[in-house]
Amino acid sequence: QVQLLESGGGLGQPGGSLRLPCAASGSIFSINTMGWYRQAPGKQRELVAVMTSGGRTNYADSVKGRFTISRDNAKNTVYLQTSSLRPEDTAVYYCKAEGVESGGFTLGDFWGQGTQVTVSS
C-alpha cells in the first residue's frame, strides 16, 4: 500500500513562510504527478500546486508568485514552499500522488491525511 506523510504545517504569520514536505512510501516504481490541495472551512477542496515527474507545474492563480512547488523523484517527495502568507491561505493542506505505479501495475491516486496551516498574527 502507498502512504503519504505530510509535515510542516502550523501557525504562520501574515507575510511569513512555511515549508510543507510530503513523502510517499510503499512499493513505488514511479509517480506521475504529486502536489498539494487545500480545503478551507466551508469551502471545497482546491488545487494549490502540482508537478509532474517531468517537472511541469500548475499553480492556482491565488498562489502564483508566492508559493513554489518542487519535487525529488528519487525520494518520492514533494515540497511546497509558501511565502507572503495571507490569512486566506488558512486551510487544511492535502498532499496527493497521482498515477502511482508499482510492479508493472497502475495503483491509482492517493491522498495524505492533511496538515493544518493557519495564518494569523
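The values are calculated or read from the model by the stated rules, or taken from the named source; none is laboratory data. Here the structure is a predicted model, which is why all the values come from computation and not from measurement. Reconstructed Cβ throughout: ideal geometry from the backbone, glycine too, with neighbour counts over all protein chains shown. SASA here: full protein model, heavy atoms, side chains in, ligands and nucleic acids out. Shrake-Rupley method; radii C 1.70, N 1.55, O 1.52, S 1.80 Å.
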Can you pull out the residues in segment 11-22 that are farther than 29 Å from residue 99 by Cα and open to solvent by 30 Å² or more (accessible area, probe 1.4 Å)? 11, 13, 14, 15, 17
I need a count of the residues in segment 93-121 that are in a strand (DSSP E or B) and in contact (Cβ under 8 Å) with a residue 60 or more places away in the chain. 18
Checking 71, 66 in turn, the sole residue that is touching a Ser or Thr at 6+ places or on another chain (Cβ under 9 Å), surrounded by 19 or more Cβ atoms within 10 Å (Cβ to Cβ) and charged (D, E, K, R) turns out to be 71
Of everything in segment 3-31, what is hydroxyl-bearing (Ser, Thr, Tyr) and either free of Cβ contacts under 8 Å to residues at least 24 places away in the same chain or assigned to a strand (DSSP E or B) (or both)? Give them in sequence order. 25, 30
Does residue 41 fit the bill of being open to solvent by 50 Å² or more (accessible area, probe 1.4 Å), modelled with pLDDT under 95 and not aromatic (Phe, Trp, Tyr)? yes
Is it the case that residue 85 is in contact (Cβ under 8 Å) with a residue 40 or more places away in the chain, in a loop (DSSP other than H, G, I, E, B), surrounded by 14 or more Cβ atoms within 10 Å (Cβ to Cβ) and touching a strand residue (DSSP E or B) at 6+ places or on another chain (Cβ under 9 Å)? yes
